[in-house]
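Participant: Take this structure first; my questions come after.
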Amino acid sequence: MTASQQSVEPFDLVIFGGTGDLAVRKLLPALFHRFLDGQIPASSRIVGIAREALDDAGYRAQLREALLKICDAAKLDEFLKQVFYRPLDARKDDGWDDFAALIKAEPEHVRVFYLSTSPELFVDLCRRLGEHGLNLGQSRVVMEKPIGRDLDSANRINDAVGKVFSESQTFRIDHYLGKETVQNLLVLRFGNALFEPLWNSAHIDHVQITVAETVGVGHRAGYYDHAGALRDMVQNHMLQLLCMVAMEPPSSLAPDAVRDEKLKVLNALRPIGDANVGSLTVRGQYRAGVAEGDHVPGYQEELGNTRSNTETFVALKAEIANWRWAGVPFYLRTGKRMPERVSEIVVTFKPVPHSIFAAGSGTLAQNRLVLRLQPDEGVKLWLTIKHPGPGGLRLRHVPLDMSFAEAFGVQQPDAYERLLLDVVRGNPTLFMRRDEVEAAWRWAGPILAAWSASGETPRPYAAGSWGPSASVALIERDGRTWHDDNE
Ligand code: NAP
């Protein structure tokens, strides 16, 4: 793991899809923040690429407008001097010679090609990068998720990219792994003597992972309808979080030591298919409702297609078939148009074996470790304590609360800030290796196939609710409830 102020070599970072939502909303602001912290060497260049006919000045003007919302103009203009634009179509020849000449003008620079376009273009982009001899010196390629829509398409993309860039040059980004809390999970688990002895089926009752969004699909409806919640969230982000919770202690933080352990978890996931998909998964699709105080349309209305069966919600019960985790369910839940925007991992410990307290003292609740990834990153450990004051012993369940922003007095950097510089430095620890992506698809693929074979449509839920009632039943059948931080 790299400290935030380690030096950075001069680099060229090319963003294919430089005018897109991800580039403008996440990547450029992340780079600008690193610039403000003095981590973008003066000769480094950021090159935006898209088909739109813009020049450097036009692109800078577009970015200026977007970035002004987060910073003051003086520093911004300095930053934008390092930003360039080249109009290119991934599928056409025009403009590639000019672009190649621009990149080759700085042969000593670290070179990062960030594929922030739809995955169908990854193959063409890499082929052309190869044909123009741009994989020279220290070059790396970054792939955004989703990598394919199933195992076959993921393999096609990985094979095509692999013809030009070696595995060690390939960075498959999952920005959840760049979040402070996720890295803190590693530190909590392996930097304290307290947790690891309890981190197994003898002491942990179950684990919940929730990624809830209040937004609907909005302008990404076209993409989303081909993906759905399982492909968009579960196959990548949520399985990566599950791996970080469940993996064995790696021998070091060397990239392959961590990734080897994650892979073992993915390979140990109990298969879900035709026989058990009905009892272990729930999929839903939002209907019209009230979200964040406003009446909002349902998914099909937003999409303009009343026949779409794409799920916007998934809840499922996963199990890891190994000695450490046998019998410990991992409940995963993700959805759009939920009542709150929250991403968290909740580890619930087993109840104490015997209560010595009088019946009227209150409930002995189970300890919970809550790792919140967003909105306010932090860790809470829920403990039972005595309510202060005279009188009888009254038990209270309270959190030891460590909001990172409050505890350290700083806003945490966005995950992309860290991950982009990890790419420049060539540190792939927090990126997915090809075999991880494949293992995740091998587990997710049969779920998608079983849903399709069942012929069942996703269960409706009102926008602004926590999903179909069947998702509550999924966990309550086991005598458990979804974690509510307000309880
Ligand atoms: P987007 O807003 O649709 O942007 C796509 C970009 O690609 C635009 O700059 C577009 O510009 C360019 N483009 C399209 N066709 C092209 C072609 N033939 N040649 C060259 N450039 C082309 O998409 P996005 O939301 O930024 O997403 C980009 C990628 O990141 C996708 O794989 C997505 O799944 C992934 N992702 C996005 C987010 C997010 O929050 N947005 C989050 C996670 C992952 P022109 O049309 O002018 O060419």
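The values are calculated or read from the model by the stated rules, or taken from the named source; none is laboratory data. Source: prediction; values computed, not measured. Because the Cβ atoms are built from the backbone with ideal geometry, glycine has one as well, and the counts that use them run over all protein chains shown. With ligands, DNA and RNA removed, areas are computed over all heavy atoms of the protein, side chains included. Shrake-Rupley method; radii C 1.70, N 1.55, O 1.52, S 1.80 Å.
Participant: Taking every eigenvalue of the Cα gyration tensor of the chain, multiplying by 5 and rooting it, what semi-axes result, largest first, whole Å?
Facilitator: So the equivalent ellipsoid measures 40, 26, 23 Å along its semi-axes.
Participant: Tally up the carbon and sulfur contribution to the accessible surface of the stretch 177-476 as a whole percent, 1.4 Å probe, everything protein left in place.
Facilitator: 55
Participant: I need the shape label for the stretch 340-487. Rule: rounded when a/c is under 1.5, else prolate if a/b > b/c, else oblate, with a, b, c from the alpha carbon gyration tensor.
Facilitator: oblate
Participant: Are any of the pairs LYS145/LYS350; LYS179/LYS350; LYS26/LYS163; LYS81/LYS163; LYS69/LYS163; LYS69/LYS92 more than 32 Å apart by Cα-Cα distance, and if so, which?
Facilitator: Among LYS145/LYS350; LYS179/LYS350; LYS26/LYS163; LYS81/LYS163; LYS69/LYS163; LYS69/LYS92, the Cα-Cα distance tops 32 Å for LYS145/LYS350; LYS81/LYS163; LYS69/LYS163; LYS69/LYS92.
Participant: Continuing with this model, one more query. If you count only protein heavy atoms with a 1.4 Å probe, what accessible area per residue comes out for the stretch 11-172, rounded to a whole Å²?
Facilitator: 42
Participant: What is the packing order of peptides 6-12, 121-127, taking the mean over residues of other C-beta atoms within 10 Å and listing the highest first?
Facilitator: Listed from highest to lowest mean packing, they are 121-127, 6-12.
Participant: Moving on. All other residues with a Cβ under 12 Å from the Cβ of ILE447 taken together, and with Lys, Arg as +1 and Asp, Glu as -1, what is their net charge?
Facilitator: +2
Participant: Among 69-81, 459-471, how do they line up by average Cβ neighbours within 10 Å per residue, starting with the highest?
Facilitator: Top to bottom by mean Cβ count within 10 Å: 459-471, 69-81.
Participant: How are the C-alpha pair distances of the stretch 11-172 spread across 5 Å bins, as whole percents from the shortest bin up?
Facilitator: Reading the bins upward from 0: 2, 9, 19, 22, 20, 15, 8, 4, 1, 0.
Participant: Based on DSSP, what percent of beta bridges with both residues in the chain are antiparallel, to the nearest 5?
Facilitator: For the chain, the DSSP antiparallel bridge percentage is about 55.
Participant: Using only the Cα atoms of the stretch 259-381, build the gyration tensor, take square roots of its eigenvalues as a ≥ b ≥ c, and label the shape rounded, prolate or oblate: rounded if a/c is under 1.5, else prolate if a/b is larger than b/c, else oblate.
Facilitator: Oblate shape, in that a/c is at least 1.5 and b/c is the bigger or equal ratio.
Participant: Could you tell me how far the Cα centroid of the stretch 222-286 sits from the Cα centroid of the stretch 27-64, in Å?
Facilitator: Taking the Cα centre of the stretch 222-286 as reference, the centre of the stretch 27-64 is 34 Å away.
Participant: Taking the mean number of other Cβ atoms within 10 Å as a proxy for protection, how do you rank 423-435, 33-45 from highest to lowest?
Facilitator: Result, highest mean first: 423-435, 33-45.
Participant: Can you tell me the convex hull volume per residue for the stretch 121-238, based on C-alpha atoms, in Å³ to the nearest whole number?
Facilitator: Once divided by residue count, the hull of the stretch 121-238 is 169 Å³.
Participant: Over all directions, what mean area does the Cα convex hull of the stretch 388-466 project, stated in square nanometres?
Facilitator: So the Cα hull casts an average projection of 12.8 nm².
Participant: Enumerate the amide H contacts of GLN285 below 5 Å, restricted to partners 5 or more residues apart or on another chain; note that Pro and chain-start residues carry no placed amide H.
Facilitator: Those lying under 5 Å, H to H, from GLN285 are THR312, ARG459, TYR461.
Participant: Ok, one more. On average, how much accessible surface per residue is there in the stretch 177-476, in Å², for a 1.4 Å probe, leaving out ligands, DNA and RNA?
Facilitator: For the stretch 177-476, the solvent-accessible area averages 42 Å² per residue.
Participant: Now for a different question. Enumerate the calculated ³J(HN,Hα) couplings along the stretch 28-35 in order (Karplus 6.51 cos²θ - 1.76 cosθ + 1.60, θ = phi - 60°), each rounded to whole Hz, writing x wherever the residue is Gly or Pro.
Facilitator: Karplus-based 3J(HN,Hα) across the stretch 28-35 equals 5, x, 5, 5, 5, 4, 5, 4 Hz.
Participant: Can you show me the helix-derived [θ] at 222 nm for the chain, built from DSSP H runs with n ≥ 4 at -39,500 (n - 2.57) apiece and divided by the number of residues, rounded to the nearest 500.
Facilitator: -9500 deg cm²/dmol
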